[in-house]
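The values are calculated or read from the model by the stated rules, or taken from the named source; none is laboratory data. Given the structure is predicted, the values throughout are model-derived calculations rather than measurements. Positions of Cβ are generated from backbone atoms using ideal geometry, with glycine treated the same way; all protein chains shown enter the neighbour counts. The area values use the complete protein model at the heavy-atom level, side chains included, leaving out ligands, DNA and RNA. Shrake-Rupley method; radii C 1.70, N 1.55, O 1.52, S 1.80 Å.
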Amino acid sequence: MINHPVGRPAQPAPDATAPPPAAAPRPAAPRPAGPGGAVRAGGAVPLALAPRPARVLVLLAAFVCAACGLVYELELVALGGYLLGDSVTQTSVVLSVMVFAMGVGSLLAKGLTRRPATSFALVEYALSLVGGLSALALYCGWAWLQQPRATLVALIAATVLIGLLIGAEIPLLMTLIQRIRREHAGRAVADLFAADYVGALVGGLAFPFVLLPAFGQTAGALLTGAVNAVAGAVVVLWLFRAEPAPRTRLLLWTGCGLVLALLALAAACTGAIERAARQALYGGPIRFAAQSRYQEIVLTGGPADPAGEARAEDAPRVPRQRTAPPLELFLDGRLAVCGPGEYRDHEALVRPALAVGPSGRVLVLGGGDGLALREVLRHPAVRSVLVVERDPALPALARRDAALAALTGHAFDDPRVRLVRAEPMGWLRGSADRFDVIVSDLDGAAAGGKYRSREFFGLAARRLAPAGRLAVRAGAPDDGLWTAESGLGAVGLAAVAYQGGGAPAAADCGRPGPAPAFLLAARAVPVLDLAPDAPAPRSLTVPALRASGARLAAARPSSPPPPHTLLGP
């Protein structure tokens, strides 16, 4: 609080020296404004547009850059899940490192604001190259090096570089907006962040619904990089073309052309690079390779297909071999089907579930390759089969490829079969139908273990008829098996663990490992048996089934692990 004196003001003494008169203020000389009207300290910044449309153009550039930045971020998240598995861990690593790097990039951008337009162009060119080429580079490194740790390090390095460059964009764009027209900082920040957030929304929706299904990971990233480069060039080389010196402007034009040319060259060579990488990764001749919205699907080996019905357009032509390599189906780099011995796994999954009790209505969850469906259709008591598969590209391949269709016995052409495209767990929640048998041909370890969670088993149990049975893939006979058994018990189902006959199917493709385990569950303790009215399986016998069940029961831990839940560890 300021105190004011009370009474008359003090008078100066008679002998006091009068203060010198204050100098008259000089009239401020008006600062010249360029054609566009933008003013900065030290002179005018001529613009190609008037201030209002110039400001709109900068906000549009912020919108485009935000959309491209989020596409890069989602691309790295998807790549981490595809290449390294454990999508929760990869998502957490990418997002946390990205946000940290963006903060560091914003701090480093302080030194670039003296020439914001030129700096913005250089940042966008670098971001276009790093973000556009990241998917192709990471995929090739993963395929050729075959070192998960090196792939993780490369993923983190790409995330740091992209985050640094994205973080530098906002301070530079903010400076450009203020160079066009000085205004209150809060208003400028509000407009800039609004454009940034809306752009992020568009980029986040475009990635799964447009870029990934239409172009795939690599081509989509390259296209995004080209858009990023063009956005930087428009803002600097046209709108703020007076800031860089003529020589610098020529170098920036040349740099933009080189960036676009390099991205175009990478796009032209993407098919050949991906073929070489897949050949190094998968070995045998590639019959089909495609990136669907949900996963990478690669089919290799098998007998020659003269009609080329299932060969991808960019698949390499290989000379016909006397002894055809085994047919192998890979989903996101993991072996899902090994042709010579696949029947051992699918017979073990399906046959015991259809042995005893009603079997008229059957539900197959997953199983888009059609191999579990083939075993279901061998039983004459089956009247209808509903297959719920999230990825329509997989059943389409099972119909179209001659070798895979022959392996499935053309199961999808059977009139008893109906195919529904849906995520299995979501479909279970929304359905009211009941089934005599439910076969879960889903990888229990995928998607954070949601397909062996208590919630998944509870939804499946609600769809079972009173005497219904549920067959589940449990994977290797380790803690995952007993966790799944605990989950089934928690929803009121009694489960019996067992294994198939013979060596693991993957061993026929040179990938030895423990024989997988399966669980058969029902409201009463199920009996391991085989249906007498179905063709005899090639790998199973009743004594062998019951012996494997007794062996696993003896190995059951005295204190089994608790059931897995969607919110649990």
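At a glance:
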quantity	calculated
Computed helical MRE - 222 nm, the chain, DSSP H runs ≥ 4 contributing -39500 (n - 2.57), nearest 500	-16500 deg cm²/dmol
Cβ-Cβ FRET estimate between Arg334 and Leu95, R0 fixed at 25 Å, reported to 0.05	0.55
C-alpha center-to-center spacing [the range 398-413, the range 448-470] in angstrom	29
Label-reachable residues, the range 437-463, where backbone N falls under 16 Å from a point 7 Å from Arg523's Cα toward its Cβ	437-438, 458-463
Per residue value of the accessible surface for the range 93-206 (all protein chains in place, 1.4 Å probe), Å²	46
Sequence ranges 552-560, 458-466, 162-170, ranked by mean other-Cβ count within 10 angstrom, highest first	162-170, 458-466, 552-560
Counting DSSP beta bridges with both ends in the chain, the antiparallel % (nearest 5)	55
Gained length - Ile273 relative to Ala194, 0.36 nm times residue gap less alpha-carbon distance	24.5 nm
Calculated on alpha-carbon atoms, Rg and Dmax of the chain in Å	32.7, 130
Unmatched cysteines, the chain - criterion: no other Cβ of a Cys under 4.7 angstrom	Cys65, Cys68, Cys140, Cys256, Cys269
Space enclosed by the convex hull of the alpha-carbon atoms of the range 65-118, per residue, Å³	80
Kirkwood-based Rg to Rh ratio, the range 369-455, C-alpha trace	0.96
Nitroxide proxy distance, nm - points 7 Å out along Cα→Cβ at Ala467 and Arg551	3.2
Estimated FRET transfer efficiency when R0 is 41 angstrom, pair His184-Leu251 (beta carbons, to 0.05)	0.70
Contour minus Cα-Cα distance for Ala324 and Val160 (0.36 nm per residue)	54.6 nm
Theoretical FRET efficiency, 1/(1+(r/R0)^6), r = Cβ-Cβ of Leu567 and Glu423, R0 22 Å, to 0.05	0.75
